[in-house]
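There's a structure below that I have some questions on.
The values are calculated or read from the model by the stated rules, or taken from the named source; none is laboratory data. Just so it is clear, the model here is predicted, and its values are computed rather than measured. Here the Cβ positions follow ideal geometry from the backbone for every residue, glycine too, while neighbour counts run over all protein chains shown. Calculation scope for accessible area: heavy atoms of the full protein, side chains included, ligands and nucleic acids excluded. Shrake-Rupley method; radii C 1.70, N 1.55, O 1.52, S 1.80 Å.
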Amino acid sequence: MTSTAPNPLHGKIIRRLVPYLMLIYMVAFLDRVNISFAALTMNHDLGISETLYGFAAGVFFLSYCLFQVPANMLLSRIGARRWLGTLMVLWGIDVMATAFVAGSPSYVTARLLLGIAESGFYPGIIFYFTFWMPPSARTRILALFLLSLPLCNAIGSPISAHILLMDGIRGLHGWQWLFLIEGAPAILLGGATWFILTDTPRSAQWLTEEEKAQLANDMLAELPKAPTGSGRMLTPILRDSATYFLWSSGNYGLIFFLPKILTGRGASTLAAGWWATLTFGVGAIAMYFASRTRGFRTLPLLIAFAAVGFAAVALVPSLSASLAGFCIAAAGLMASVPIFWSLAASRLAGQAAGTAIAIVNSAGAVGAFCGPYAMGWLRDHTHSYVAGLWAIAASVFVGALFVLVDARAVPAPQPPGVHH
């Protein structure tokens, strides 16, 4: 891999868009995964088994999967600021309502509705970046944006653990306060998004006419050479979908079960929150270094590295070994994801790119359902997390094999004017 050369225009766009998009995605991701800490007390209060917990954690992704393609089509028609802002208000209301679920049916329903509300958000932002950056610059902007994923877990984990200590205040359980407090920012930021985001470069008042023309030329110079309707594109899209399915099974198996595995191996609830900060802090550092490079050839190695981490947690059932293994898994998963999305988004342009991104992300959503559900089911049937950890390690390793051919077949995107 070679390091990317800085581009002043790209830097200006990154400074204008990425900090706010990172903030709202952190809110989105926290609202998606905060049940991992809520479950430490909520499962007992509502009589929820490990299997049902894994199902509810994953069922979010089934509705999320079904609505992604139409959601990306709506974004291109309605515009990013109005569409993303509306979605944020809707899921914020749903998360706050989750504080008042009374049992399994209402709990699962709340998760299904949250999946619908969030379905257009992440793939919409990935599609949104294709309006603003040519392929050669996307790994950097995607990696910087996706730093919000490990940072969300690193910051949100101890916050969630401390909110659980509010148990009994005004007659509410700690997990109820967690949903109320962490759902409110989505509603507030959803309204702000209408005024902060810019739909396209052409409507950006903060770009000069010369900068708009330069960006348009950069994008035109890097349009995919293959016809967007070519049948040759089906195979890599299917391969990307399989890879992301397997990657997501590992990622969400880690996120939803990390606190439960750590507490099961001797950590307190508060300590689990801070150990999660360490784990995802390592992931954030790995993703930062991924943002400074260009090329796809290390992608299979990074995904395989994550599989090694899960295997280590399964092999050595101590708290210290679990922390080391989870740090390895987080580093491999987090460093690989921006490179993967840069690869997946590099083949197509326009509406075809939006549809392909939604298809791949939908496959990942199915994996995000299967991983946590399999972990919960295996835990109930074996009374241990070891079998689930081995299943996730194997899935992630197979994902590395799937991407091996793809990553070696596609050359690293070059900035305009650079030829080899």
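In degrees between 0 and 90, to the nearest 10, how far off the longest principal axis of the chain does helix 299-315 point, with axes built from Cα atoms?
The angle comes out at about 10 degrees.
Taking θ = phi - 60°, what integer Hz values does the Karplus form 6.51 cos²θ - 1.76 cosθ + 1.60 yield along the range 189-202, in sequence order, with x for Gly and Pro?
6, x, x, 5, 4, 4, 9, 9, 6, 10, 5, 9, x, 5
Tell me what the chain gives for mean residue ellipticity at 222 nm when only DSSP H runs of n ≥ 4 count, each as -39,500 (n - 2.57), the sum divided by the residue total, rounded to 500 deg cm²/dmol.
-26500 deg cm²/dmol
Also, quick follow-up: With axes computed from alpha carbons, what is the tilt in degrees of helix 350-382 against the longest principal axis of the chain, rounded to the nearest 10 within 0 to 90?
Result, in degrees: 20.
DSSP loop (so not H, G, I, E, B), at most 14 other Cβ within 10 Å: list which chymotrypsin sites (Phe, Trp or Tyr not before Pro) in the range 123-214 pass both filters.
Counting only loop positions with at most 14 other Cβ atoms within 10 Å, the chymotrypsin sites (Phe, Trp or Tyr not before Pro) in the range 123-214 are 206.
How many Å² of accessible area per residue for the chain, probe 1.4 Å?
Value returned for the chain: 38 Å² of accessible area per residue.
Carbon and sulfur atoms: what percent of the 1.4 Å accessible area of the chain do they account for?
That share works out to 70 percent.
Can you compute 3J(HN,Hα) from phi for each residue in the range 116-129, using the Karplus curve 6.51 cos²θ - 1.76 cosθ + 1.60 with θ = phi - 60°, rounded to whole Hz and x for Gly and Pro?
5, 5, 8, 4, x, 7, 5, x, x, 5, 4, 5, 4, 5
Also: Comparing 344, 143, 97, which has the greatest mean-square fluctuation in the GNM of the chain with Cα pairs linked when under 10 Å apart?
It is 97.
Oh, and also: Using a/c under 1.5 as the rounded threshold, could you call the range 53-92 rounded, prolate or oblate? The axes a ≥ b ≥ c are square roots of the C-alpha gyration tensor eigenvalues, and prolate needs a/b larger than b/c, oblate otherwise.
oblate
If you plug each phi of the range 213-218 into the Karplus form 6.51 cos²θ - 1.76 cosθ + 1.60 with θ = phi - 60°, what whole-Hz ³J(HN,Hα) values come out, in order, with x for Gly and Pro?
5, 4, 5, 4, 5, 4
Another one. Nearest 10 degrees, 0 to 90: what angle lies between the long axis of helix 135-146 and the longest principal axis of the chain (Cα atoms)?
20
Quick check on the chain: what does the Kirkwood estimate of hydrodynamic radius come out to from the alpha carbon pairs, in Å?
21.5
May I pose another question? For labels at residue 44 and residue 301 in the simple 7 Å Cα→Cβ model, what's the distance in nm?
The answer from the label model is 4.6 nm.
Right, next: Provide, for q = 0.13, 0.17, 0.29 Å⁻¹, the log10 of I(q)/I(0) from a solvent-free Debye sum over equal Cα point scatterers in the range 283-331.
-0.33, -0.52, -1.01
On a full-extension model of 0.36 nm per residue, what is the gain between residue 100 and residue 205, subtracting their alpha-carbon distance, rounded to one decimal in nm?
33.4 nm
Then there is this: Among 399, 264, 273, which one moves the most in a GNM of the chain with springs linking Cα atoms closer than 10 Å?
Top of the fluctuation ranking is 264.
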